[in-house]
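**Q** First the structure, then my questions, so here it is.
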Amino acid sequence: MQEIPSRVLVEAMVRADGTVDCGDLYAVAGILGMTDQQVRLSIKRLVTDGRFVQEGRGRKATLRATTETRRSIEPDIEFVRLMYQQDRGEAPWDGMWHLAGFAIPEQERPARDALRETIVRLGGAPVQGGLYASANAWEELIEAEAARLGVQAHLTLLTSRDLRIGGEADAQALVRGLWPLDEIAERHTRLIEVAAERLTRLRTDLPEAERLTIVIELAAEFTHAMEPDPLLPPELLPQPWPGTKARDLVAQCWAQVLSKPHHNTPRLFEVYIDAARPITA
């Protein structure tokens with residue numbers, strides 16, 4: 001399992017109403033091998049940093065996420081929706097490459113670094129200095145970030161059906177050269193193993209603390225697998241692609257969790273299940 005920092009645990013347990021039940025938080029932390037002292041220190045830091053407001057003390061306390069915290073931890077539902085649409089064959093590739101280039105002066109280096117991080121997070125792969133490629137439309141998102149950073153004048157966006165790199169024009173060959181597919185596939189394979197085991201457990205009658213723990217573990221593994229995934233269309237990937245099976249198993253886990261509604265179910269799972277449905281029955 002991915003090691004789950006106590007801060008990540010707290011944020012992952014935020015419910016639909018923006019609160020965290022500290023009794024459940026301590027119970028889940030204990031199952032994950034965290035000490036009460038770790039949890040107390042994490043809560044103290046989060047409150048001091050203005051991320052949460054604490055009401056009450058100890059295990060009977062409630063943490064209330066601030067507006068900014070709720071905004072920052074809300075899963076990006078559009079990306080979740082896209083990955084499942086691709087898996088179901090509902091978002092076929094149109095053959096278009098999307099490219100973004102920038103040449104931002106050194107005196108604006110923080111903005112340059114921030115824009116680069118956004119492009120990479122959106123799945124962009126470097127083609128050459130300051131030029132990145134994606135198989136998915138991303139123009140609105142990149143333009144919005146460039147505007148926020150004040151560097152729109154240094155940004156170039158274009159699309160092409162004729163991308164050649166070093167004389168190579170075959171789309172699947174370009175993908176193999178641009179993205180680390182083996183590493184991405186390994187993460188998905190690991191997610192398959194974890195999700196399959198957790199799905200078996202979720203189909204049994206588990207105490208609520210254990211179900212919540214599985215929710216957090218799945219969220220951590222899902223994030224670990226999906227963060228470096230550029231969400232390439234299936235037409236560009238080797239088949240069978242392990243990401244498809246991994247996401248299907250996780251969606252089944254989400255559905256299993258929500259088949260037994262509980263007031264402490266984290267908000268992130270409600271968002272996920274709204275964007276996905278199991279590919280198999």
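**Q** How many of the residues making up region 123-145 are without any contact (Cβ under 8 Å) to a residue 60 or more places away in the chain and within 22 Å of the chain's Cα centre (by Cα)?
**A** Final tally of qualifying residues: 12.
**Q** Check region 119-138 and report whether any residue there is surrounded by fewer than 16 Cβ atoms within 10 Å (Cβ to Cβ) and over 24 Å from residue 173 (Cα atoms).
**A** Checked region 119-138: no residue is surrounded by fewer than 16 Cβ atoms within 10 Å (Cβ to Cβ) and over 24 Å from residue 173 (Cα atoms).
**Q** Quick check on residue 212: is it at pLDDT 95 or above, farther than 15 Å from residue 80 by Cβ and surrounded by 15 or more Cβ atoms within 10 Å (Cβ to Cβ)?
**A** So residue 212 does not fit the description; no.
**Q** So which of 47, 28 is in contact with a strand residue (DSSP E or B) (Cβ under 6 Å, 6 or more places away or on another chain) and either under 19 Å from residue 210 (Cα atoms) or modelled with pLDDT of 90 or more (or both)?
**A** Working: 28 fails: in contact with a strand residue (DSSP E or B) (Cβ under 6 Å, 6 or more places away or on another chain).
Matching residue, one of 47, 28: 47.
**Q** Tally the residues that are touching a residue at least 24 places away in the same chain (Cβ under 8 Å) and out of contact with any Asp or Glu (no Cβ under 8 Å at 6 or more places or on another chain), restricting the search to region 13-29.
**A** Counting residues in region 13-29 that are touching a residue at least 24 places away in the same chain (Cβ under 8 Å) and out of contact with any Asp or Glu (no Cβ under 8 Å at 6 or more places or on another chain) gives 10.
**Q** Shifting gears a bit: Taking the condition of being in contact with a Ser or Thr (Cβ under 9 Å, 6 or more places away or on another chain) and under 19 Å from residue 225 (Cβ atoms), how many residues in region 12-31 meet it?
**A** 0
**Q** Follow-up. For the list (1) under 30 Å from residue 127 (Cα atoms); (2) assigned to a helix (DSSP H, G or I); (3) not aliphatic (A, V, I, L, M), I need the number of the one condition that residue 162 fails.
**A** Of the numbered conditions (1) under 30 Å from residue 127 (Cα atoms); (2) assigned to a helix (DSSP H, G or I); (3) not aliphatic (A, V, I, L, M), the odd one out for residue 162 is (2).
**Q** Also: Being modelled with pLDDT of 85 or more and assigned to a helix (DSSP H, G or I) is the filter; apply it to region 11-25 and report the residue that is surrounded by the fewest Cβ atoms within 10 Å (Cβ to Cβ).
**A** Step by step, filter region 11-25, then rank; the result is 23.
**Q** Output the qualifying pairs, or none if there are none: Cβ atoms under 7 angstrom, residues six or more apart or on different chains, first residue in region 174-185 and in the same structural domain as residue 229 (by TED's automatic domain parsing) and over 16 Å from residue 162 (Cβ atoms), second residue among the hydroxyl-bearing types (Ser, Thr, Tyr) and surrounded by fewer than 19 Cβ atoms within 10 Å (Cβ to Cβ).
**A** none
**Q** Right, here's the next one. Among the residues of region 170-187, which ones are part of a loop (DSSP other than H, G, I, E, B) and either surrounded by 11 or more Cβ atoms within 10 Å (Cβ to Cβ) or in contact with an Asp or Glu (Cβ under 7 Å, 6 or more places away or on another chain) (or both)? Give the steps one after another, and end with the answer.
**A** Taking region 170-187 first, the residues part of a loop (DSSP other than H, G, I, E, B) are 170, 179-180.
Within region 170-187, 179, 180 meet the criteria.
The values are calculated or read from the model by the stated rules, or taken from the named source; none is laboratory data. Worth saying up front: this structure is predicted, and the values here are computed from it rather than measured. With ideal geometry, Cβ positions are generated from the backbone for all residues, glycine too; neighbour counts draw on all protein chains shown.
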